[in-house]
Amino acid sequence: MTIHTATEILNLLMRATPRPTSDAPRDARGIYGLFDHTGTFRYIGSTSSAAETFYKRIHQRHRAGSESTSHYFSRMYNTGRMWRQRKDPATKSDGDVAKALRNAFIARHCGCTWVELPNDADIPGLEARVIALAPSDMVAWNRRGMDAYDEPVALVDAVIEELRLSPVQRAAIGRQRDRHLGGASARQGARETTSGQISLPPLPKGPFRFFALDVETANNDRGSICQVGVACVRPDDSIETWVTLVDPRTDSWQFSYLHGITNAMVNGAPTIDAVIDALDGMLQGSTIYQHSGFDRSAIRAACDCRARTEPQWNWLNSVSTARAAWPELKGNGGHGLASLKSHLGLRFEHHDAGEDARAAAEVVLLAERCTPLKRMPQPEAAEDDVLDDSDFAMTNTPGSAIRPDALRAVVSASHIRTPISSRPRADNQAEGGAVRVPVAADGTTFNPGLARRGYFTVGAKGAEEKHDSFDAALEALNRMDKPRWRRPNAAGNWGIVSGCSWKKVERG
């Protein structure tokens, strides 16, 4: 093997095409160069120790080693969502996720070149002479001559997608970014206390029409709940999701491959007792959907093993709701979340409690639009509060009677399974004195008697329009994907309702 001069080595390093760190030779030593994510030559080093090869020094140490020593890839990319504080037990589980992301980022976006030298060559001496000859930008990392980079956000996003990180892992690296920027954790999710324990995230503020709840478990014991997610559906059908990790106090983690949650991640997280206690005040007396019977049975099992009373929550099953709305899926994929995701075009990460809870809530909302369902009382609202479809919330309990006023909302059988947003818009030009008007789920229609203080108010909350004529307001309703208008409920309170069908009426 040829022993090159320092000048020859520098020229060879500069002319060589950078290769991924994983391509570094496993059985050779010599001088090498490191390239950053932009393709810029930044560091010159050597395998000065006889025990090290290019692969061990570059791929295993510079890329995956400690960010606080002379492992320059690790140090330069200890930033943003790839940041961790070494030897910090309070953030170790999040830091492990960030470090794994950093390792993958460097492997995909950074590079190296090398010149092999015989074992008897004066490798440390040659390294010093090559560094002395190199332009300053080629040795900018040497002797810590540069600060760590700002996070290359777009490239990191691409690696996250490629790795298919779970929502739990994405939340962990989000918290690491916040810590790097100096905040304790401004994001939604678990918050650390001064003792290193994780407190519960704040509960959303209501009112809510209904909830959907989902859990993930560590193993086959249904009481081993390690994550709880709750989707909170507001009167205007918007959804706010609440999610927390839970420490199930177990060493058996059989389902980490499904949800990505590990024992290290839940270290210091609240127990299921604390979670149930926190949720009970919000969920007591409300409708709570689960998708299948698993989630309630898991809550019951967790309570049983702690000798506590199961909370008296009003559980319903969104699987039953889906069966009523889309019977054609029976024997054709079924009504599980994975099948409904494909059939309804839902977007969520399966096996994350927050995502699955939101998906169950969206299934109920979509079913409401295409099925004449029984409705239940919703919390009272002040005069200016929004009421969706008056003061009722949809449910679909098997075997329950359907109210006559809900049936009146269905104009014809052709409307029963066709969401209003997918049907042709009504033509409201007068035809022999008739117009087509939207119908709410309780059978009431938009009509000329709904002027208040001289105006008709239409549109969703925050996007209301006021029109001084019935025809102008009706035309505005026609332009909406989902017509909404303000009118008084049975108690005389004015709120916003949604149309679920159209019908032709004679002008009065």
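Somewhere in the range 93-112, is a residue of a type in the set (A, V, I, L, M, F, W, C), modelled with pLDDT of 95 or more, surrounded by 17 or more Cβ atoms within 10 Å (Cβ to Cβ) and part of a loop (DSSP other than H, G, I, E, B)?
Within the range 93-112 (the criterion being of a type in the set (A, V, I, L, M, F, W, C), modelled with pLDDT of 95 or more, surrounded by 17 or more Cβ atoms within 10 Å (Cβ to Cβ) and part of a loop (DSSP other than H, G, I, E, B)), the answer is yes, since at least one residue qualifies.
Out of the residues in the range 231-250 that are in contact with a Phe, Trp or Tyr (Cβ under 9 Å, 6 or more places away or on another chain) and surrounded by 22 or more Cβ atoms within 10 Å (Cβ to Cβ), which is farthest from Ala460 (Cα to Cα)?
Here the residue is Ala231.
If I filter the range 318-369 down to residues being basic (Lys, Arg) and more than 24 Å from the chain's Cα centre (by Cα), which single residue comes out as modelled with the highest pLDDT? Walk me through it before giving the result.
Start the filter on the range 318-369 by keeping residues that are basic (Lys, Arg), which leaves 323, 330, 341, 347, 358, 369.
Imposing the further condition that a residue be more than 24 Å from the chain's Cα centre (by Cα) reduces the set to 323, 330, 369.
Details: Arg323: 89, Lys330: 83, Arg369: 82.
Top of the filtered list is Arg323.
If the Cβ limit is 7 Å and pairs must be 6+ apart or interchain, which residue in the range 86-97 that is without any contact (Cβ under 8 Å) to a residue 24 or more places away in the chain pairs with which residue that is part of a helix (DSSP H, G or I) and not β-branched (Val, Ile, Thr)?
Within 7 Å, the pairs are Asp88/Gly95.
Scanning for something without any contact (Cβ under 8 Å) to a residue 40 or more places away in the chain and not in a strand (DSSP E or B), does the range 480-489 turn up at least one residue?
Yes, that holds for at least one residue.
Only one of Gly449, Gly462 is under 18 Å from Ser498 (Cα atoms), assigned to a helix (DSSP H, G or I) and either at pLDDT 60 or above or not aliphatic (A, V, I, L, M) (or both); which?
Working: Gly462 fails: assigned to a helix (DSSP H, G or I).
That would be Gly449, the only listed residue that is under 18 Å from Ser498 (Cα atoms), assigned to a helix (DSSP H, G or I) and either at pLDDT 60 or above or not aliphatic (A, V, I, L, M) (or both).
Can you spot a residue in the range 63-84 that is in a helix (DSSP H, G or I), within 31 Å of the chain's Cα centre (by Cα), within 30 Å of Ser166 (Cβ to Cβ) and among the charged types (D, E, K, R)?
The initial filter retains those residues of the range 63-84 that are in a helix (DSSP H, G or I), namely 72-76, 80-82.
Checking the rest, the ones that are also within 31 Å of the chain's Cα centre (by Cα) come to 73-76, 80-82.
Checking the rest, the ones that are also within 30 Å of Ser166 (Cβ to Cβ) come to 73-76, 80-82.
Next, from what is left, pick out any that are among the charged types (D, E, K, R): 75, 81.
Yes - at least one qualifying residue is present in the range 63-84.
Quick check on my filter: what residues within the range 148-175 are more than 16 Å from Gly95 (Cα to Cα), modelled with pLDDT of 90 or more and in a loop (DSSP other than H, G, I, E, B)?
Ala148, Tyr149, Asp150, Pro152
Has the range 17-36 got at least one residue that is part of a loop (DSSP other than H, G, I, E, B), touching a residue at least 40 places away in the same chain (Cβ under 8 Å) and crowded, with 19+ Cβ neighbours inside 10 Å? Can you show your working first?
Initial filter on the range 17-36 (part of a loop (DSSP other than H, G, I, E, B)): 17-18, 20, 24-28, 36.
Subsequent filtering for residues that are touching a residue at least 40 places away in the same chain (Cβ under 8 Å) retains 17-18, 20, 24-25, 28, 36.
Going one step further and asking which of them are crowded, with 19+ Cβ neighbours inside 10 Å, we end up with 24, 36.
Yes; the residues of the range 17-36 include at least one that is part of a loop (DSSP other than H, G, I, E, B), touching a residue at least 40 places away in the same chain (Cβ under 8 Å) and crowded, with 19+ Cβ neighbours inside 10 Å.
Given (1) touching a Ser or Thr at 6+ places or on another chain (Cβ under 6 Å); (2) over 17 Å from Leu366 (Cα atoms); (3) crowded, with 17+ Cβ neighbours inside 10 Å, where does Ala325 come up short, assuming only one miss?
Evaluating Ala325 over (1) touching a Ser or Thr at 6+ places or on another chain (Cβ under 6 Å); (2) over 17 Å from Leu366 (Cα atoms); (3) crowded, with 17+ Cβ neighbours inside 10 Å leaves (2) as the failure.
Return the residues of the range 321-355 that are over 18 Å from Phe255 (Cβ atoms), acidic (Asp, Glu) and in contact (Cβ under 8 Å) with a residue 60 or more places away in the chain; say none if nothing qualifies.
none
Please go through the range 484-499 and pick out each residue that is modelled with pLDDT under 80 and within 16 Å of Pro235 (Cβ to Cβ).
Of the residues in the range 484-499, the ones modelled with pLDDT under 80 are 489-493.
Within the range 484-499, Asn489, Ala490, Ala491, Asn493 meet the criteria.
Quick one: what pairs do we get from the range 100-126, first residue within 18 Å of His62 (Cα to Cα), second surrounded by fewer than 20 Cβ atoms within 10 Å (Cβ to Cβ) and among the acidic types (Asp, Glu), C-beta under 9 Å, 6+ apart or different chains?
Ala104/Glu162; Arg108/Glu162; Gly111/Asp23; Cys112/Asp23; Val115/Glu8
The values are calculated or read from the model by the stated rules, or taken from the named source; none is laboratory data. These numbers were taken from a predicted model, which means no experiment stands behind them. Using ideal geometry, Cβ is built from the backbone for each residue, glycine included, and neighbour counts are taken over all protein chains shown.
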